[in-house]
Structures are given as structure tokens and as C-alpha cells.
Amino acid sequence: MGMRTSHGFRVVGLISGTSIDGIDVAAADLHAEDDTVVLTPLGELDVPYPEPLREGLLAALPPNPCTAGELTRLDTGVGRAFADAARRGAAELAGGSADLVASLGQTVFHWVEGGTVRGTLQLGQPAWIAERTGLPVCADLRARDVAAGGHGAPLASTLDQLWLRGLAEDTGHPVAALNLGGIANITVVAAGEPVIAYDTGPANALLDLAAHRVTGRRSDVDGRLALAGSVRGDLLVRLLADPYFAASPPKSTGKEHFNAAYLDTATAGLEPIEPADLLATLTELTAVTVADQCRRHGVTTVIASGGGVANPALMTALARNLPAVPNTVLKTSDDLGLPGAGKEAYLTALLGWLTWCGVPGTVPSATGARGPRLLGALVPGAGPLTLPAPLGGAVTRLRVAVKAG
């Protein structure tokens with residue numbers, strides 16, 4: 001194995017989530033110690049999209065039509081924005097020099113038919129990143145898992161399995177990592193059991209949509225509206241009747257399903273709903289659907305991350321709905337040393353490092369694929385690609401280390 005991979009290999013991870021706010025950037029130092037990958041967080045950045053690009057992306061999402069021309073323009077726009085973000089990540093977080101950029105891109109479509117994922121499209125042409133930074137880029141990280149019969153998601157299961165295995169062994173009970181992005185997903189890690197991971201349903205997708213409708217702002221800042229409202233039982237029952245919630249995992253969803261049309265159908269014919277009550281009810285929907293799944297797997301510890309952690313209304317509703325017997329502990333990934341705001345960008349960095357080292361980056365029990373796969377496509381930087389000798393599939397744990405100094 002090349003020395004740089006075993007010690008001091010720096011990766012910049014990039015992703016833009018389903019909320020389409022901008023690009024999450026994280027830099028990490030990664031190396032292997034026996035069967036453990038040691039991840040040292042070097043820092044995170046949040047780089048907003050230029051407003052015209054953000055508007056263009058939102059306008060291209062289903063159910064809106066989108067032309068090949070518009071898709072090409074967006075692919076370039078996102079690629080250039082990611083290139084700028086990668087350059088900043090290398091300069092500001094990685095001490096001026098990184099070894100690899102890993103990009104999960106911007107998902108614009110997740111093609112699901114009859115519970116099977118047929119394809120998935122992430123924009124952000126990696127050639128722009130390679131050209132701008134001179135670094136090799138590992139991109140298109142979901143496609144191989146889909147080709148192998150998987151959902152291409154949630155890839156967070158890869159990090160969560162390695163990271164939380166020790167905690168599950170120590171407590172003797174299943175631990176769930178919960179990501180509250182546009183969509184909520186959980187990874188359930190139990191000692192001696194295959195990892196289970198899937199999307200539980202909407203998190204911020206419907207909340208942000210409703211907040212924008214009633215306030216004109218992108219989100220319900222600090223959950224103020226939701227905290228001022230009351231749950232409308234009639235609307236909640238309708239929302240919970242959606243067949244997605246009852247479907248068995250593995251499963252994945254997105255804004256193709258939980259969108260404006262979905263909300264309109266759910267509210268049609270009901271007594272008028274006050275804005276605060278609408279937000280309170282949608283917050284409760286996320287909390288109830290997440291808590292139901294935690295109960296299903298006997299989870300006693302929940303480690304939350306993602307944008308939804310900053311919403312007090314959502315965290316309060318979640319704590320209230322989580323099983324009281326046994327007393328379920330709700331923590332954030334920050335409590336365990338991994339910055340929650342940048343968790344998906346750190347995941348991306350980890351996935352890039354695994355591919356670079358020749359280690360499969362998927363958990364088949366979580367994505368539903370036929371087997372573990374090496375992920376992504378590698379784009380050369382300024383020079384030829386020189387990969388280290390493969391590590392072999394010996395990585396079974398992840399330790400988050402504290403940055404020296």
C-alpha cells in the first residue's frame with residue numbers, strides 16, 4: 001500500500017442534498033490502521049449555489065419538464081460550482097493540498113418503478129473539478145450500486161456501519177444513525193446483524209415547501225411556526241396513509257414523491273389549515289414515521305445529523321415520539337465527534353478513499369444490491385492516475401480522531 005494512503009491521505013468530499021441549498025464541503029485525513037479506518041475531520045464549509053443556478057435546479061425537478069439543453073446547462077453549472085467549492089475546500093480546510101476530491105453531485109432524479117430503482121441521475125460534471133483543482137476526482141458514486149440491483153442509497157449506511165458498530169456492541173442494543181435532510185433516512189446497526197438502512201420518508205422536503213408557501217422564506221427558521229401551531233389530526237391521518245410508510249425496506253424515496261402535488265392531495269377537501277398548524281403537522285409526520293421505524297428495530301440510541309437537527313420543533317417532536325420503554329437516547333453526531341452539518345460530505349470523502357484503496361463502498365443489506373461493489377468513476381487530475389495497491393476488504397470499523405493542534 002502506498003505510504004500516503006496509510007498516513008495523511010487528504011480527501012475533499014462534496015455533496016448537495018435534496019434541499020438544493022448549496023454544496024456541503026468537508027476535508028478529511030484518512031488512513032488505515034489494521035481493520036480500522038481512522039478519519040480525522042479537518043473542517044467543513046457550506047457553499048451556497050448562485051441564485052440563478054439554484055432556481056434552475058428547482059425548476060428542473062419533477063414534476064416539471066426539463067429539456068436536454070437545460071440539463072446540459074445545469075450539469076455544467078453544478079460542475080463549475082462544485083469545482084470552485086473543491087478548490088476552496090483544498091485551500092481552506094486541507095491546508096492547501098489535498099490528494100483526491102470525491103463528489104456525490106446533485107441528485108435531480110431517482111427513477112423508481114415498482115419498488116425497484118432503475119436509474120439515478122446526479123449532475124455536476126467532474127471534469128470541471130479535475131480541471132480547476134488539478135486533483136483526481138471520484139464521482140458518480142451511486143450508479144454502480146444501482147446497476148448491481150441496489151437503490152444507490154442510503155450510502156450513509158457505509159459510514160454508519162463502520163462508525164457505530166462498537167457502540168452497538170458496547171450497549172448491547174441496536175443503534176440508529178438518523179439523517180434529517182430533505183428526506184429522512186436511518187441506518188440500524190446491531191451487533192452480529194446485517195445493517196439495515198433506508199429512507200423513512202420526508203424530513204425537510206415538505207417542511208421547506210410549506211414554509212415557503214406561507215412565509216416566502218426557504219424554511220421555517222428555528223421551527224418557530226411549527227412550535228406555535230397544533231397538530232391537525234385529520235391531516236396527519238391522511239399523510240400517514242401513504243403506502244410508502246408501510247412498504248418494507250430496502251426502499252428509497254425523494255422529491256419525485258414528497259412534493260407540492262403530494263401536499264395538495266393531502267390537504268384537499270379538509271377544513272382550512274392555519275399555516276402554523278400545517279407546519280406542526282408536517283413536523284409531527286417526520287417525527288412519527290422516524291420513531292415508528294426505530295421502534296420496529298428495537299433501537300435504544302439514535303444519533304441524529306443533517307439540517308433538521310437545527311430545527312428545535314423537529315427535535316422536540318422526535319424526542320416526544322421515540323419509544324419511552326426502553327428509554328431511547330437521542331444524541332447528535334457532534335456528541336460523538338463527527339460534525340453533523342458536514343456528515344454527508346465526510347461520508348463522500350470516505351467513499352472516495354475506499355474506492356481509491358480498492359475497498360467496496362456499499363453495504364448490500366442496506367442498499368439491496370446483489371453484493372458489495374467498488375463505487376464511482378475516477379477522473380484523472382493534472383497527471384496520470386497512480387493508485388495504491390488495494391487494501392483488501394479488511395476495513396470493518398471507523399474511528400473519528402481529533403485533529404491535532
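The values are calculated or read from the model by the stated rules, or taken from the named source; none is laboratory data. Note that the structure is predicted; figures quoted are calculated from it, not measured. Here Cβ is always computed from backbone atoms with ideal geometry, including for glycine, and neighbour counts include all displayed protein chains. With ligands, DNA and RNA removed, areas are computed over all heavy atoms of the protein, side chains included. Shrake-Rupley method; radii C 1.70, N 1.55, O 1.52, S 1.80 Å.
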List every residue pair whose Cβ atoms lie under 8 Å apart, where the two residues are 6 or more positions apart in sequence or sit on different chains, the first residue falls within segment 159-172 and is of a type in the set (Asp, Glu), and the second residue, located anywhere, is open to solvent by 10 Å² or more (accessible area, probe 1.4 Å). Glu169/Ala191
Write out, first by first residue and then by second, each pair whose Cβ atoms fall under 6 Å of each other, whose residues are 6+ apart or on separate chains, and whose first residue, in segment 130-142, is outside any loop (DSSP other than H, G, I, E, B) while the second is open to solvent by 10 Å² or more (accessible area, probe 1.4 Å) and of a type in the set (S, T, N, Q). Cys138/Thr355
Working carefully through the options Gly298, Gly340, Gly307, find the one that is within 21 Å of Ser219 (Cα to Cα), among the small types (Gly, Ala, Ser) and out of contact with any strand residue (DSSP E or B) (no Cβ under 6 Å at 6 or more places or on another chain). Gly307
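Per-residue answers, yes or no, for (1) hydrophobic (A, V, I, L, M, F, W, C); (2) touching a residue at least 60 places away in the same chain (Cβ under 8 Å):
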site	(1), (2)
Gly233	no, no
Val237	yes, no
Pro243	no, no
Gly254	no, yes
Ala261	yes, yes
Leu279	yes, yes
Leu282	yes, yes
Boolean, Pro41 is of a type outside the set (Val, Ile, Thr) and open to solvent by 50 Å² or more (accessible area, probe 1.4 Å): no
Within segment 45-63, how many residues are part of a helix (DSSP H, G or I), closer than 28 Å to Pro339 by Cβ and not aliphatic (A, V, I, L, M)? 2
So which of Gly361, Gly298, Gly383 ends up being over 18 Å from Asp199 (Cα atoms), assigned to a loop (DSSP other than H, G, I, E, B) and more than 19 Å from the chain's Cα centre (by Cα)? Gly383
Residues (open to solvent by less than 40 Å² (accessible area, probe 1.4 Å) and either charged (D, E, K, R) or within 22 Å of Ile186 (Cα to Cα) (or both)) located in segment 250-279: Lys251, Ser252, Thr253, Gly254, Phe258, Asn259, Asp277
Hits in segment 149-178 (condition: among the hydroxyl-bearing types (Ser, Thr, Tyr) and open to solvent by 30 Å² or more (accessible area, probe 1.4 Å)): Thr171
Whichever residue in segment 318-353 is among the small types (Gly, Ala, Ser), open to solvent by 50 Å² or more (accessible area, probe 1.4 Å) and without any contact (Cβ under 8 Å) to a residue 40 or more places away in the chain and, among such residues, is nearest to Gly13 (Cα to Cα): Ala319
I need a count of the residues in segment 236-276 that are in a helix (DSSP H, G or I), under 28 Å from the mean Cα position of the chain (by Cα) and not basic (Lys, Arg). 16
If you go through segment 307-327 one residue at a time, how many are in a loop (DSSP other than H, G, I, E, B) and at pLDDT 95 or above? 2
So, in segment 302-348, exactly how many residues are among the basic types (Lys, Arg) and out of contact with any helix residue (DSSP H, G or I) (no Cβ under 6 Å at 6 or more places or on another chain)? 2
Pairs, please: C-beta under 9 Å, at least 6 apart or cross-chain, first residue over 28 Å from Glu70 (Cα atoms) and in segment 38-54, second buried (at least 16 other Cβ atoms within 10 Å of the Cβ) and of a type in the set (Ser, Thr, Tyr)? Leu39/Tyr346; Pro41/Tyr346; Glu44/Tyr346
Looking only at residues that are part of a helix (DSSP H, G or I), in contact (Cβ under 8 Å) with a residue 12 or more places away in the chain and more than 19 Å from Pro272 (Cα to Cα) in segment 210-223, which one is least open to solvent (accessible area, probe 1.4 Å)? Gly223
Residues of segment 65-107 being crowded, with 23+ Cβ neighbours inside 10 Å, of a type in the set (A, V, I, L, M) and within 21 Å of Lys255 (Cα to Cα), in sequence order, are Val78, Leu104
If you go through segment 190-209 one residue at a time, how many are assigned to a loop (DSSP other than H, G, I, E, B), touching a helix residue (DSSP H, G or I) at 6+ places or on another chain (Cβ under 8 Å) and of a type outside the set (Gly, Ala, Ser)? 2
Within the bounds of segment 182-191, is there any residue that is more than 13 Å from the chain's Cα centre (by Cα), modelled with pLDDT of 95 or more, surrounded by fewer than 24 Cβ atoms within 10 Å (Cβ to Cβ) and more than 22 Å from Ala341 (Cβ to Cβ)? yes
Residue under question is Gly119, and the condition is that it be touching a Ser or Thr at 6+ places or on another chain (Cβ under 8 Å) and either buried (at least 24 other Cβ atoms within 10 Å of the Cβ) or modelled with pLDDT of 95 or more (or both); does it hold? no
Under 9 Å by Cβ, and 6 or more places apart or on different chains, what pairs join a residue from segment 71-84 that is assigned to a helix (DSSP H, G or I) with one that is acidic (Asp, Glu)? Ala83/Glu131
